[in-house]
Amino acid sequence: MRLVQRSVIPGFNITMGFTITYLCLIVLIPLSGLFVVASSESFEHIKEVMSTVIVKRAFYLTFRASFIAAVVNAFFGLIIAWCIVRYRFPGRRFLDALVDLPFALPTAVSGIALARLYSDSGWIGRHLTENGGATRAVRALGDWASGLGVPVLSDWGQKLAEVQSLTVFHTEFGITLALIFIGLPFVIRSLQPAIEELDQETEEAAASLGASRWQTFRRVLFPAILPAHISGFAMAFARALGEYGTVIFIGGCVAGKTQTISNVIYDAAEANNIAAAAIVATAALLASFAILLLINLVQVWTNRRYAPAE
């Protein structure tokens with residue numbers, strides 16, 4: 001006689017019905033309304049909105065800064081997660097709790113803090129101005145490289161010697177810095193469970209076979225955590241694409257220069273131009289969905305490629 005496995009939650013029909021209803025009310029219906037508003041506009045109007053310099057610049061800035069921030073977080077997030085999981089040191093629990101701080105902080109708070117630090121009069125920003133210590137050090141490095149007489153280094157040094165300032169406030173670099181701040185926890189929290197599940201006996205076996213530390217990490221450990229690494233990268237990238245509160249303070253929302261997609265949508269809606277806001281939002285949604293779909297396909301391939309043998 002076949003036994004039916006019982007579940008602690010209601011049956012499949014009830015839970016699936018609740019799931020579909022909830023997703024429709026919270027996700028599908030609002031997004032469908034956005035598509036309806038955008039599709040009601042003529043093709044000429046859509047083309048006119050999307051071809052403006054401000055919109056094109058906002059898309060280019062947002063996706064480039066988000067990608068750079070996600071790559072930086074993927075690199076340093078792996079190091080931090082590995083340190084927290086594999087080593088025991090004083091203050092480890094405090095550092096582990098500190099990782100979640102960008103989750104808990106309102107984005108406006110983090111934006112104001114970053115803007116205060118990196119403004120021309122801020123604790124860090126004052127050293128990046130034309131007469132700041134960091135800028136003078138970069139110029140000195142450029143003068144030194146220029147005097148070596150090596151063609152490649154001389155050209156590189158000449159550019160450094162002509163640096164006027166290392167401005168972060170109201171620049172694309174500042175926006176990227178803010179996106180790194182808000183996206184780092186996603187990578188760390190995705191990697192921690194995967195690193196905890198690594199079998200240290202596998203490392204010992206690789207070492208006994210003559211593998212170096214780098215070979216053990218590259219061929220044994222990293223493939224095992226690669227799916228989680230890609231997942232963290234995707235979440236950090238997706239989070240950065242929709243960020244608004246942090247970047248408006250450190251970026252300044254300068255039209256055509258430091259305006260992200262979220263800023264453009266908000267400005268259009270604030271001007272009561274709902275159609276333009278819906279068009280830009282729909283285009284951003286489709287582009288984000290395509291990129292995230294590609295990342296998920298890579299993750300599926302990675303899971304199959306590096307799945308442990310049964």
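Here are a few things to note about the model shown:
- A DSSP coil position with no more than 16 other Cβ atoms inside 10 Å describes the following trypsin sites (Lys or Arg not before Pro) in region 185-290: 257.
- Computed from the Cβ-Cβ distance with R0 of 25 Å, the FRET efficiency linking residue 159 to residue 116 stands at 0.25.
- Inter-label distance, nm, simple model (7 Å from Cα along the C-beta direction), residue 92/residue 209: 2.9
- Listed values [x] 20.2; [y] 23.2; [z] 23.9 include one computed from this model; for Kirkwood radius over Cα pairs in Å that value carries the label [y].
- Given +1 at the Cβ of Lys and Arg, -1 at the Cβ of Asp and Glu and no other charges, the dipole of region 131-212 around its Cα centre is 720 debye to the nearest 20.
- Within the listed set 156, 123, 82, the residue fluctuating most in the Gaussian network model of the chain (springs between alpha-carbon atoms under 10 angstrom) is 156.
- For residue 257, a cut-off of 18 angstrom between C-alpha atoms picks up these lysines, skipping any fewer than 8 places away in its own chain: 56.
- Each of 19, 52, 246 has some number of other Cβ atoms within 10 Å of its Cβ, and from fewest to most they run 19, 52, 246.
- The distance between label points at residue 202 and residue 301 comes to 2.2 nm (points 7 Å beyond Cα on the Cα→Cβ vector).
- Helices assigned as whole DSSP H runs in the chain whose Cα atoms extend at least 24 Å along their own long axis and whose mean Kyte-Doolittle hydropathy is 1.0 or higher are found at 53-86, 172-196, 222-241, 274-305.
Computed from the coordinates by the stated procedures, all read-outs in this text should not be read as laboratory data. The structure presented is a predicted model; accordingly, all values stated were derived computationally and were not measured. Glycine also receives a Cβ, built like all others from the backbone with ideal geometry; neighbour counts cover every protein chain displayed.
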